[in-house]
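Below is one structure, written out as structure tokens; the observations come after it.
The values are calculated or read from the model by the stated rules, or taken from the named source; none is laboratory data. As the structure is a prediction and not an experimental result, all values here were calculated from the model. Every residue, glycine among them, receives a Cβ derived from its backbone with ideal geometry; neighbour counts consider all protein chains shown. We work out accessible area using only protein heavy atoms, side chains counted, and drop any ligands, DNA or RNA first. Shrake-Rupley method; radii C 1.70, N 1.55, O 1.52, S 1.80 Å.
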Amino acid sequence: MSFGGFLDNSSGGGLGGATIVADIPFSNMAAAGAMAQNIYNSPGLSLALQQPSIDNQGDGVRMGENFDASIGRRSREEEHESRSGSDNIDGVSGDDQDAADNRPRKKRYHRHTPQQIQELEALFKECPHPDEKQRLELSKRLCLETRQVKFWFQNRRTQMKTQLERHENSLLRQENDKLRAENMSIREAMRNPICTNCGGPAIIGDLSLEEQHLRIENARLKDELDRVCALASKFLGRPLSSLATSIAPPLPNSNLELGVGSNGFGGLSTTLPLGPDFGGGVSNSFPVVPPNGVERSMFLELALAAMYELVKMAQTDEPLWIRSLEGGREVLNHDEYSRMFTPCIGIKPAGFLTEASRQTGVVIINSLALVETLMDSNRWAEMFPCMIARTSTTDVISSGMGGTRNGAIQLMHAELQLLSPLVPVREVNFLRFCKQHAEGVWAVVDVSIDTLRETSGAPTTYVKCRRLPSGCVVQDMPNGYSKVTWVEHVEYDESQVHHLYRPLLSSGIGFGAQRWVATLQRQCECLAILMSSTVPTGDHTAITASGRRSMLKLAQRMTGNFSAGVCASTVHKWNKLNAGNVDEDVRVMTRKSVDNPGEPPGIVLSAATSVWLPVSPQRLFDFLRDERLRSEWDILSNGGPMQEIAHIAKGQDHGNCVSLLRSSAMNTNQSSMLILQETCMDAGGSLVVYAPVDIPAMQVVMNGGDSAYVALLPSGFSIIPDGTASPGPTTSNGNGDSHRVGGSLLTVAFQILVNSLPTAKLTVESVETVNNLISCTVQKIKAALQCES
């Protein structure tokens, strides 16, 4: 069979049409495409495709596919690529013969040898377009025809071009997919337009000026929120996936590190192995301006610096803390402190003094419970009733991480008091920051924020007290105990303090760490006893458990009202009187009691004074709390003895208790009087507070009734040690050695209903009566204890 001279008539069997691939250049392939269809209809070709020869079978099949006219040029190029590579061992020579007649017969098929292909590939790498001379020389060397060499180079160049086109097509396809995806994104964005300023959905039409400002502010806050993540991750110790679950408003970035040593607590590793529900709510009783974005940024920076300073002061001993020769107290080395720390709230104001103290103690409470108490303003005030007159949480910067107080930051206002009319209440606005340093190890730090508000342009007021980084580090111990290290560091204006109390405050005893730890130990011991199922020895078993709780709640309210009357805190609205017939050191105040079920209605008069007595605090306390000696100082008892009819212990010390006393007077009027009395004592001082109560009302309370409706007005005494700088005399021990006698600072306070009508006016006689009462009481105490006038 002849195909217009395209096929050779070389003898031999085999694949008759195979020589088309090897001998016909690609320029003539188009003309041969139409004829390729008839090749597969010939019986000889069909038989050739079914030959068992492994070498010929694969090529025959590929050739049949590539010469299908419906495929086009790309199929032909693929066929050439499969037959013309450097590894092509199926190449054929150009001397194959065509079938001369219709009878199929085998064709002789010549392959390029591997040596020929290697030589061709080597020359192709050097010269892809050889000239006639080079092709002739190569054909002679390889024993090939010049036409075969020419076609091989044409096919090899076409193969190379095909590979490049495929690569370019792949790149173009990827670019096309990318453009298609961008197109889809643009179409989606056009369906849901977003404002570029605020990030919110765009609204077609004109926006009001106010709404534009709101959107811009929203965008600014979002940017500030992003800045918070980095800083929050730093001080919380791990990255945050979403700030909304941990920190409420936006805060700034910071590069301050909290770690002290390898474990975050440095040298304290031997003893401290470191590894939003605010019960009191946010009170608006105080004129505290809410923080803006700039202030919040500074607050977070301040919290980190204060926590670093607290931890260092808690774990560093000498030379930062030096043991005092008198009393063994720790005294802060101010030179070393200035070298170690940069003032985080600015330079100390002119005329201010510094008091600093540190105390460590073991407390019957675990770290989590103590942290919750400190971070809740109401529970904090209940834990330290004689030290905190009033407190509130004014703002919450962060509520903590994962439902815990770790990382919690809040702004607070507090009125701290020392029970004496000669010491003014310390009002402080401060930041409180809580952080967990390891399992069972927490730290809570306070630091004043008044200086920051001055720099941020907020309204300022005169500050009489600044709280430098102060607080406690708590570590869990076995059996539910905790080891508490407390640090107090304050700067204050001494000009408002009476000279009698100045040595006490400057030494750090009045508002110092010892008093905080002692009060905490006493209160936790009381809570442990109340939660215990066993009744302490000495308690009256006739009082039910609910009755005990009611009496203790009533006593707590009584002591709180007593403290408010002594220090003139803002718990009650007191009006100070400047009467000429009142002693200089006696402060007299009045207030109206209206619609208060816990007090009798009318005009309440409060009088308080403080004196120094050359007797020890323990002796003075034992004398005042003893009901058998009450007639020696209580002029209202008319000389009659008192009897204890109920006793509820509040601690291991017998002096920490709540008692109910009854007069043993002869006449019936006096026999109907009951006195509720609470006494407590710790290393920081002692209290004796009492109030007359009605018998029917107390019977209800002792049976577990509500104590809120029991009307009472408290009076009593506060006793604190006078400190090392005592003004007392010196005595000799017989060997010629003299020492100073330890004394006590006694505060006497009375609250009396002078008129049952709230609208009545206070008379001079009432003021004189209260003044005489307080003077006579002090004189009787001095006489009973044989103190010099």
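Scan 687, 620 and give me the residue that is within 40 Å of the chain's Cα centre (by Cα) and modelled with pLDDT of 90 or more. Lay out the reasoning, then the answer.
Working: 620 fails: within 40 Å of the chain's Cα centre (by Cα).
It is 687.
Evaluate the following for residue 655: is it modelled with pLDDT under 90 and touching a Phe, Trp or Tyr at 6+ places or on another chain (Cβ under 9 Å)? Reasoning before the result, please.
On the way: modelled with pLDDT under 90: yes; touching a Phe, Trp or Tyr at 6+ places or on another chain (Cβ under 9 Å): yes.
Judged against the criteria, residue 655 is a match.
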Return the only residue of 416, 468, 500 being modelled with pLDDT under 90 and either closer than 24 Å to residue 560 by Cα or crowded, with 17+ Cβ neighbours inside 10 Å (or both). 500
Please state which one of 637, 672, 663 is modelled with pLDDT under 90, buried (at least 22 other Cβ atoms within 10 Å of the Cβ) and either out of contact with any Asp or Glu (no Cβ under 6 Å at 6 or more places or on another chain) or outside the structural domain of residue 770 (by the TED database) (or both). 663
The one condition in (1) modelled with pLDDT under 95; (2) buried (at least 21 other Cβ atoms within 10 Å of the Cβ); (3) of a type in the set (A, V, I, L, M) that residue 444 fails to fulfil: (1)
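Any idea which residue in segment 377-413 is modelled with the lowest pLDDT, counting only those that are of a type in the set (Lys, Arg) and not in a strand (DSSP E or B)? Give the derivation first.
Filtering segment 377-413 down to residues of a type in the set (Lys, Arg) leaves 379, 390, 405.
Now narrow it down to the ones that are not in a strand (DSSP E or B): 379, 405.
Details: 379: 93, 405: 90.
So, considering only residues that are of a type in the set (Lys, Arg) and not in a strand (DSSP E or B), the one modelled with the lowest pLDDT is 405.
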Of those in segment 590-602 that are open to solvent by 10 Å² or more (accessible area, probe 1.4 Å) and not in a loop (DSSP other than H, G, I, E, B), the residue farthest from residue 500 (Cα to Cα) is 592
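Can you say whether residue 563 is in contact with a Cys (Cβ under 9 Å, 6 or more places away or on another chain) and within 25 Å of residue 710 (Cα to Cα), as far as the supplied structure shows? So that I can check it myself, show each step before the final result.
Working: in contact with a Cys (Cβ under 9 Å, 6 or more places away or on another chain): yes; within 25 Å of residue 710 (Cα to Cα): yes.
So residue 563 fits the description; yes.
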Conditions (1) in contact with a Cys (Cβ under 8 Å, 6 or more places away or on another chain); (2) part of a loop (DSSP other than H, G, I, E, B); number of the one not met by residue 371: (2)
